[in-house]
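A quick write-up on the structure given underneath.
Just so you know, all these numbers are worked out from the coordinates, no wet-lab data involved. Everything quoted here is computed from the prediction, not taken from an experiment. When we count neighbours, we look across all protein chains shown, and the Cβ atoms used for this are built from the backbone with ideal geometry, even at glycine.
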Amino acid sequence: MLALQSQLESVTLKQYEELPDDIRAEVFEGQIFYMSSPSQNYQMISMELSTVINSYIKSKKGDCRVFHAPFDVKLDDTPLTIVQPDIMIVCDKDKLDGKRCNGAPDFIIEIVSSGNPSDDYIKKLYYYKNYGVREYWIVDPIRKIITVNYFEENRINVQYDFWSIIKVNIYEDLYIDFSSVMEMLD
């Protein structure tokens with residue numbers, strides 16, 4: 001049973017897949033980390049951003065797809081590394097197998113929760129950069145800051161406030177106006 005797993009043992013894909021459906025977890029280098037349920041602000045921000053991005057892709061008749069948590073991304077088999085980004089864009093359909101994305105998405109947004117901000121700012125930044133994510137945004141509703149990491153051009157930790165209009169760098173003409181997000185939170 002997974003609950004009895006030693007901290008030194010690595011979790012297998014089979015063990016991960018046997019977790020109950022109501023358990024949210026990620027695996028970093030074979031070690032499982034449980035996640036709490038998202039807050040109301042998280043849900044509102046996630047819905048708004050997913051809608052804006054998905055509407056843009058549909059209007060352009062693009063091939064990329066938008067997914068939101070919980071949807072697994074397997075970054076590595078050995079040791080097993082599986083994340084559940086809050087929002088992601090996957091442009092290579094060959095990475096999708098019906099259950100998960102196998103390999104790095106093109107674009108990821110993580111919405112910081114008060115319980116584990118270092119996960120998004122440090123741990124996930126490291127993994128996303130090293131596994132080939134093209135662009136990674138950290139949306140921090142507590143500090144009202146968006147941190148953009150555009151790895152393709154080595155632009156790291158560019159910060160904007162929640163009143164900014166920010167370009168999604170993997171697209172030529174997609175801009176997100178965060179003032180509409182702020183209106184939802186007031």
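Taken about its Cα centre, the range 110-176 carries a charge dipole of roughly 200 debye when the Cβ of each Lys and Arg holds +1 and the Cβ of each Asp and Glu holds -1.
Short-range pairs are left out: with C-alpha atoms under 8 Å and at least six residues apart, the relative contact order of the range 33-186 is 16 percent. Normalising the average separation of contacting C-alpha pairs (under 8 angstrom, six or more residues apart) by the number of residues puts the relative contact order of the range 78-139 at 35 percent. Using all pairs of distinct alpha-carbon atoms, the Kirkwood hydrodynamic radius of the chain works out to 17.1 angstrom. Summarising the label geometry, the points placed 7 Å from Cα in the beta-carbon direction at residue 33 and residue 99 lie 2.3 nm from one another. The Cα center of the range 73-90 and the Cα center of the range 126-186 differ in position by 19 Å. Taking each of 14/74; 60/95; 14/99; 60/99; 60/129; 95/124 in turn, the alpha-carbon distance tops 18 angstrom for 60/95; 60/99; 60/129; 95/124. For the range 88-186, the square roots of the Cα gyration tensor eigenvalues, ordered a ≥ b ≥ c, give a/c of at least 1.5 with a/b greater than b/c, which places it in the prolate category.
Net charge dipole, the chain: roughly 220 debye, given to the nearest 20, about the Cα centre with Cβ charges of +1 for Lys and Arg and -1 for Asp and Glu. Each peptide in 132-143, 153-164, 86-97 receives the mean, over its residues, of other Cβ atoms within 10 Å, and ordering these scores from highest gives 132-143, 86-97, 153-164.
Taking the number of Cβ atoms within 10 Å of each Cβ as an exposure proxy, the fewest-first ranking of 9, 48, 172 is 172, 9, 48.
Calculated from DSSP H runs of 4 or more alone, at -39500 (n - 2.57) each and per residue, what is the 222 nm mean residue ellipticity of the chain, nearest 500? Show your work: numbers first, answer last.
Working: 4 runs with 41 residues, N = 186.
Calculated from helices alone, the mean residue ellipticity at 222 nm is -6500 deg cm²/dmol.
Putting +1 on Lys and Arg Cβ atoms and -1 on Asp and Glu Cβ atoms, find which of 89, 125, 113 reaches farthest to the positive end of the dipole of the chain. In the chain, that residue is 89.
Placing unit charges on C-beta atoms (Lys and Arg positive, Asp and Glu negative, everything else neutral), compute the dipole magnitude of the range 1-111 about its Cα centre in debye, rounded to 20.
500
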